[in-house]
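The values are calculated or read from the model by the stated rules, or taken from the named source; none is laboratory data. Because the structure is a prediction, the values reported are computed rather than measured. Counting neighbours? That spans all protein chains shown, and the Cβs are built from the backbone with ideal geometry, glycine included.
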Amino acid sequence: MKILFTGGGTIGSVSPLLAVKSEMEKQGIELRSAWVGSRTGVEVEVMAKEEILYYPVSSGKFRRYFSWRNFLDLFKVLAGFFQSISIIRKFKPDLVITAGSFVSVPVIWAAWFLRKKIIVHQQDLKTGLANKLMAPLADKITVSFEKSLKDFNKKKTILTGNPFRRDILSGSREKALELFNLQKDLPTVLIMGGSLGAERINQVTLDSISKLIKDCQIIHLSGKGNEVQWLNKKEFGDLAEHYHNYEYLYDRLKHAYAVADLVVCRAGLGTLTELSLLEKPAVVIPIARNQQEENAEYFSEKDAVITLSENNLSSEKFVELVKSLLRNSNSLKRLSRSIAQMMPKEVNEKYVQQIKKLYEGEK
């Protein structure tokens, strides 16, 4: 089976597709795959590490507001469309699969133009513009949540859940203590703003370090290319060793998850899926005016996460919340139990079954 995966810009649209590829290989399916993504996104490095054949294409962003960049990006999308036609003709895939992102739009349009079978996966509760542009051309649409079924053509939409990389479940607390030079008996808070980082989260973290390091140790993932500096670090002597900053952990993230007593993160569905499977209590800070806000609201309604607004975020509020949670083991246990119920576990097998059906000619 030859599959062309497409997505990128952030790791959010990449992880579920890598999970699908891994599951197919685990099942012994003879598979030849390639990936189409952006020229500079995080997926470029990921595919190099995964040793996956990679094709970069030009891509633009569709903005729902007036911007002169919309005009320029239209030409980028057009260029990406013709580049994708060339790639598809060269690779000759049986299926083209995407889990969203703007870089996928010209690829899916080209796949439809060349009459290739297409699967579009909708991760988030709210459908983004990219998937709205791609879903009508898909042969099959898969969704993470039952309530998303109403947003697409009923005849070709299936509830699968959100595929996840099983490797994330293999983290070791003992390995983490060694890797990150952590103290065994001190609570650990994992703070991450996504693969590209988050300026507001990074700033609030830096403003809060001095008030938190007596009570916990911090693993702070500031994002690819976002090196942060704690300027007054020397003032705190040995306590400063409780703060650990990394841009991105990639395959070491599973160990950071394993040791974390509390996770502070964005509300992308890929991250929320991992937190659910790992039963990790979490504080989420969704990107403002983004589909992440609906994800966060849905999980908050189920008492599965605590949500903070990015617009009203302050170090005082942040420190108070983190400290109160670390002091209250019952609250952490309640969050852990609730988030564990949010996402189905047997997703990858079900997803691969849908791929097989489409490949074999079933709808």
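Among the candidates I119, I52, I108, I85, which residue alone is modelled with pLDDT of 95 or more, over 30 Å from E297 (Cα atoms), surrounded by 21 or more Cβ atoms within 10 Å (Cβ to Cβ) and among the aliphatic types (A, V, I, L, M)?
So the residue among I119, I52, I108, I85 that is modelled with pLDDT of 95 or more, over 30 Å from E297 (Cα atoms), surrounded by 21 or more Cβ atoms within 10 Å (Cβ to Cβ) and among the aliphatic types (A, V, I, L, M) is I108.
Report, by residue number, each residue of the range 118-142 that is out of contact with any Asp or Glu (no Cβ under 8 Å at 6 or more places or on another chain), of a type in the set (D, E, K, R) and in a loop (DSSP other than H, G, I, E, B).
Correct list: D139 only.
Condition first: in contact (Cβ under 8 Å) with a residue 12 or more places away in the chain and either more than 22 Å from the chain's Cα centre (by Cα) or surrounded by fewer than 16 Cβ atoms within 10 Å (Cβ to Cβ) (or both). Now tell me which residues in the range 139-151 satisfy that.
Result: D139, E146, K147.
Among (1) touching a residue at least 40 places away in the same chain (Cβ under 8 Å); (2) in contact with a Gly (Cβ under 9 Å, 6 or more places away or on another chain), where does M134 come up short?
Of (1) touching a residue at least 40 places away in the same chain (Cβ under 8 Å); (2) in contact with a Gly (Cβ under 9 Å, 6 or more places away or on another chain), only one is false for M134: (1).
Among K356, K317, which is more than 22 Å from the chain's Cα centre (by Cα), over 30 Å from K155 (Cβ atoms) and charged (D, E, K, R)?
The unique qualifying residue is K317.
Please state which of the following conditions S59 fails to meet, knowing it meets all the rest: (1) touching a helix residue (DSSP H, G or I) at 6+ places or on another chain (Cβ under 6 Å); (2) closer than 26 Å to S144 by Cβ; (3) at pLDDT 90 or above; (4) crowded, with 23+ Cβ neighbours inside 10 Å.
S59 satisfies all of (1) touching a helix residue (DSSP H, G or I) at 6+ places or on another chain (Cβ under 6 Å); (2) closer than 26 Å to S144 by Cβ; (3) at pLDDT 90 or above; (4) crowded, with 23+ Cβ neighbours inside 10 Å except (3).
Answer yes or no: is there a residue in the range 30-46 that is surrounded by 16 or more Cβ atoms within 10 Å (Cβ to Cβ), assigned to a helix (DSSP H, G or I), among the hydrophobic types (A, V, I, L, M, F, W, C) and touching a Ser or Thr at 6+ places or on another chain (Cβ under 7 Å).
Yes, the range 30-46 has at least one match.
When you scan the range 145-261 for strands (runs of 3 or more DSSP E) that lie fully inside it, which ones turn up with 3 or more residues that are at negative phi and outside the structural domain of Q122 (by TED's automatic domain parsing)?
188-192, 217-221, 243-246
Within the range 230-247, track down each residue that is touching a residue at least 60 places away in the same chain (Cβ under 8 Å) and either under 16 Å from G193 (Cβ atoms) or surrounded by 17 or more Cβ atoms within 10 Å (Cβ to Cβ) (or both).
Result: H244, single match.
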